[in-house]
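One structure below.
The values are calculated or read from the model by the stated rules, or taken from the named source; none is laboratory data. Because the structure is a prediction, the values reported are computed rather than measured. All Cβ positions, glycine included, derive from the backbone under ideal geometry; neighbour counts span all protein chains shown. Side chains included, ligands, DNA and RNA excluded: accessible areas come from the protein's heavy atoms. Shrake-Rupley method; radii C 1.70, N 1.55, O 1.52, S 1.80 Å.
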Amino acid sequence: MSSPCWPDCYLASAVSSTVMASKGKVRGISGQYPLVQNVTVTEGGTANLTCRVEYNDNTSLQWSNPAQQTLFFGDKKALRDNRIELIHASFSELTISISDVTLTDEGMYTCSLFTMPVRTAKAYLTVLGVPEKPEIDGLTKPALEGDQITLTCITQGSKPAADLRWFRNEKEVKGAKEVNASGKTFTVRSSLQLRVDRNDDGVAYTCRVDHVALTQSPQQATEVLEVHYAPRVEINPSHAVPQEGQFLKLECMSKGNPSPDPVLWTKDGGQLPDLDRMIVEGRELTFISLNKTDNGTYRCEASNHLGTSSAEYVLYVYDVPTTLSPSTTPPLHPIPPDPTALLGTHASDPTVTGNRDPNAMGQHGTDHALIGGVVAVVVFVTLCLIIVLGRYLARHKGTYLTNEAKGADDAPDADTAIINAEGNHAHAEEKKEYFI
C-alpha cells in the first residue's frame, strides 16, 4: 500500500540520500548544464523529451511539467499518469515520452541536474491543434442562371489558425477569410460569392484546409454546382451545298438544363408537308431525297420550364451540276451565284434575316448597264460643249481682225485702228440715216 505523501516523500528522501552520499563533494563539473531541445507534436501524437549531460559524477536528472510537478526522478516515476513512460535513464541522459498529447500538455518542461547549485534547462512543448474536416454551406440545389449565391467553408479546432483555399475545378479562386479564437484553438471561415451562369453547371468547388499539422494529406470538401438554364438552339446540316436527289440531315443542337426534349420541327411556319420523305428522329430531321419542293425555311424549337429557344435554316436545293465538253455551246442562262451564300442557320433573334435572292446576279448586271449609259451621256454632253465653245472663239477672232483692217489706214496701232473702224462704221450709219 502506497504512502499518502507519495511522490513528495519519495523525492525528499531521494534528494536527501543523494546529498548525504556525496557530502563534501562537488556535484558535476563547474559550468556544466543539462542540454534539452524544444519539441513540437500534433495533438494526439507522442512527444519525447530528452535531457542530456556530457560530464556527470553520478548526479541524478529530473523532468518536471509546466505545473512544476515531477514526472521522473532518474528512473523513478513520480507522477501517476499512464500516458507518461520512461524511455531511457542514466547519469548522462533522461528520456521520457508523453503519448496521446492534448492541448493542455503544452508548456515549458524543466530538466534539473542536482549539482550544487542545481542546474536546470527548459524545453517548450508545442502542441498543434488538428483542424477538423471543412464543411461547405450556402449551396442551393439547383441554382438558377443569374442567381447570386455565397458559399461558406468552415473548419474548427486548428492551432495555429488554418488557411482555407478555394478551387474552381483545378483553378484557385480567392475567398474572404475570417478567423475567430475559441479557447486555445481557432475557427476559420472563408466565403466565396458567385453569380452563377450556365458555364457553372457541373463545376466542382473545393474548399481545402492547409495546416502545419496536416503533413500527409490536406482536409477538403467539394460541392458540385447544378445550374438550371433556358435552352439555346442551333441547326447543323450534313451538307453545305444540298443538291437535288441528295440525302440531307438537319441536326437540332439544343442545350439546356433540364434537357429540352423533345424538339419541334416546322416548315415555313406550319407542319412538315411530306412525312414520307422527311423523317424526324429525336433531334434530327432527315430528307431521303431532296427536290425543289423542299425549298423553304425550317425551324427547330426547344423549350423547358425556364424558356423557349428556336433556330431557322433556309434550304435551297440546287440542280445537280453537269460537265460540258469544250465544243458545247455555253448555256443561254447566266451561271447561278455561289450556292454557299444562300445557305445558313438563323437564330430566333429577330435582327437576323439571312435571306438572299438567288437572282442577285441578274440585278448586278442591270446595275452595270445603267452605269455605262450614264457615262456615255456625260461624254456626249462634254463633246458638244467643246464644239460650241470652239465655234464661238473662232467667230470672235474674225470680227477682231475685220475691225482692225477697217481702221488701219490712219491709225498708229491696232487698238486705234479698231476704234477708228468702229467710228467710221457709226458715221456711215449716220450718213445713211441722213440721206434717208
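Side notes on the structure shown:
- Given charges at Cβ of Lys, Arg, Asp, Glu: the stretch 135-225 dipole, positive-most of 212, 222, 136: 212
- Most tightly packed first, judged by the mean number of other beta-carbon atoms within 10 Å of their residues, the peptides 113-120, 269-276 read 113-120, 269-276.
- Distant-in-sequence amide H partners of residue 318 (H built 1.01 Å from N, under 5 Å): 243, 244
- Per-residue ³J(HN,Hα) for the stretch 214-224, Karplus 6.51 cos²θ - 1.76 cosθ + 1.60, θ = phi - 60°, Hz, x for Gly and Pro: 9, 7, 7, 8, x, 7, 7, 9, 10, 10, 9
- The stretch 34-128, relative contact order in percent, only Cα pairs under 8 angstrom and at least six apart counted: 37 percent
- Rg over Rh for the stretch 230-315 works out to 0.98, using Cα positions for both radii and the Kirkwood form for Rh.
- Long-range amide H partners of residue 219 with built H, under 5 Å: 209
- Anisotropy class of the stretch 130-289 from Cα gyration tensor, a/c 1.5 cut: prolate
- Near residue 175, the amide H atoms lying under 5 Å from its own belong to 166; only residues 5 or more places off or on other chains count, and H is placed 1.01 Å from N.
- Legend: residue pairs 141/184; 249/292; 141/249, Cα-Cα distance threshold 26 Å; pairs beyond threshold, 141/184; 141/249.
- Dipole magnitude (debye, nearest 20) for the stretch 34-128, charges at Cβ of Lys, Arg, Asp, Glu: 220 debye
- The stretch 148-196-the stretch 55-89 distance, computed between alpha-carbon centres (Å): 43 Å
- Of all accessible heavy-atom area on the stretch 24-155, the percent that carbon and sulfur account for (1.4 Å): 48 percent
- In the stretch 157-221, the trypsin sites (Lys or Arg not before Pro) that fall in loop regions by DSSP, at most 10 other Cβ within 10 Å: 174
- Per-residue HN-Hα couplings for the stretch 99-105 [Karplus 6.51, -1.76, 1.60; θ = phi - 60°; Hz; x = Gly/Pro]: 9, 6, 5, 10, 5, 6, 7
- Ordering 55, 392, 205 by accessible surface, largest first, gives 392, 55, 205; the 1.4 Å probe counts only protein heavy atoms, with every chain in place.
- Computed on the Cα trace of the stretch 135-225, the radius of gyration divided by the Kirkwood hydrodynamic radius gives Rg/Rh = 1.01.
- Looking at the stretch 153-222, the GluC sites (Glu not before Pro) that sit in a DSSP loop and have at most 13 other Cβ atoms within 10 Å of their own Cβ are 170.
- Cα radius of gyration and Dmax for the stretch 93-194 (Å): 22.0, 80
- Working note: Karplus 6.51/-1.76/1.60 with θ = phi - 60° gives the stretch 54-70 the couplings 6, 10, 9, 10, 6, 8, 6, 10, 9, 10, 9, 8, x, 8, 6, 8, 6 Hz, where Gly and Pro are set to x.
- On a per residue basis, the stretch 120-161 carries 46 Å² of accessible surface, using protein heavy atoms and a 1.4 Å probe.
- Sorted from longest to shortest, the spans of the Cα atoms of the stretch 34-128 along the three principal axes equal 38, 21, 20 Å.
- Of 133/255; 133/171; 177/255; 76/122, pairs whose Cα-Cα distance is over 32 Å: 133/255; 177/255
- Student exercise, the stretch 230-315 dipole from Lys, Arg, Asp, Glu Cβ charges, in Debye to nearest 20: 160 debye
- Projecting the Cα atoms of 152, 113, 82 onto the charge dipole of the stretch 74-162 (Cβ charges, centred on the Cα centre) puts 113 farthest toward the positive pole.
- Dipole orientation for the stretch 237-299: of the candidates 245, 287, 266, 266 has the Cα lying most toward the positive pole (charges on Cβ; Lys, Arg +1; Asp, Glu -1).
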